[in-house]
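Read the figures in this text as sums done on the coordinates, not as results from a lab. What you see is a predicted model; the values in this text were computed from it and never measured. Don't worry about glycine lacking a Cβ; one is built from the backbone with ideal geometry, like all the others, and counts go over all protein chains shown.
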Amino acid sequence: MGEVATPVLLPAICPPPGRSEAGAAECSHSWRRPLAWLPGAGLATYGLRHDGPPRAPLRHAPREADGTVTTRPQATRSAVLLPLLRAAHLGPSVAVTTVVALLALAMDLPAYQGVVVTVAVFTGQLTIGWGNDLLDLDRDRAVGRPDKPLASGDLAPSVVRRWLIVAAAACVVLSLLAGWRSGVTHLVLLVAFGHLYNVYFKATPWSWLPYAVAFGSLPAVVSLANSPPQWPPTWMVGAAATLGVAAHFLNTLLDLEDDAATGVRGLPHRLGAMRSRLIATALLVLASAVTVLGPAGAPATWAWAALAVVVALAALALFGSGRSPFYAAITIALVNVGLLAAVAG
């Protein structure tokens, strides 16, 4: 017979002298719990509780062949998953992935190719988001960013590194499954430039360049996955690149003060909030105009109407007060994405 595994128990903790008799009675009910393996957080203990009847200790926790305890509470998985998604910059990741999905539909990609290229782009965006938060960990801690799971301690860096490696491997495989032309374009012009922004360009006057290259390559990533592969029209690449630079200015506006406090000085930081807002709005209007006027032939009536809506929103973005300019600019960006997908078809 094999040896019976003995659980590792926490010592019971009694209240200090001078506590009430009720507290002493509670101490008699102190119970011990085994150490449990928390994914990505190493061995972590649960706090002792005195708010209920005593509970029996777990005497024989499931173990792997090497003796490792394998108990993983479901609540812990959820507690890790949500911060992990937040650390991936889920909003921007989903936004870029949505653009790719809409372009795949507009360009009539086969269902299989459309799904593969969309998931490939999503996994690539995950690596960029996680890489950004890992590199910015010390800066985020310095300015006390509670919205950053790594900086707040809600997520261990080791967890993010492991998932980044998994996502990177999936990104490479899926990108090449979409076709080598599309795959190389995605990995070099989109994913690599995203990480170059995190590592170098973010704090330079050229901070806009990776956004221009990455967003400008989105139509090519999709069209080169089609059968037969083809390069997208120049106007589409230009509109997407312009939209990307505008997105950079809009995204940076939210973090100008925190970035300045930690020495990050990209182009928007050097220009200031007011000029950055003006440039972002002008670029969004320009991207809309290129999308409407770029294709051959006269624009459709609905395209002119969309352009008129963009101009009205631009006025709100320039002269509105409070949060309305930011939301107006975001709405223009959404209209641009819709225009780009509609005209691409």
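Charged neighbours of Arg86, selected by a Cβ distance under 14 Å, balance to -3 (K, R count +1; D, E count -1).
What separates the Cα centres of segment 177-239 and segment 89-104 is a distance of 13 Å. Summing charges over neighbours of Asp255, with a neighbour being any other residue whose Cβ is under 13 Å away from its Cβ, gives -2 when K and R count +1 and D and E count -1. Here the ratio of the Cα radius of gyration of segment 196-320 to 2.2 N^0.38 Å is 1.19. Round to a whole angstrom and tell me the spacing of the C-alpha centers of segment 269-313 and segment 247-267. Going from one Cα centre to the other spans 23 Å. Working note: Karplus 6.51/-1.76/1.60 with θ = phi - 60° gives segment 257-274 the couplings 5, 5, 5, 5, 5, 10, x, 7, 9, x, 4, x, 5, 6, 7, x, 5, 5 Hz, where Gly and Pro are set to x.
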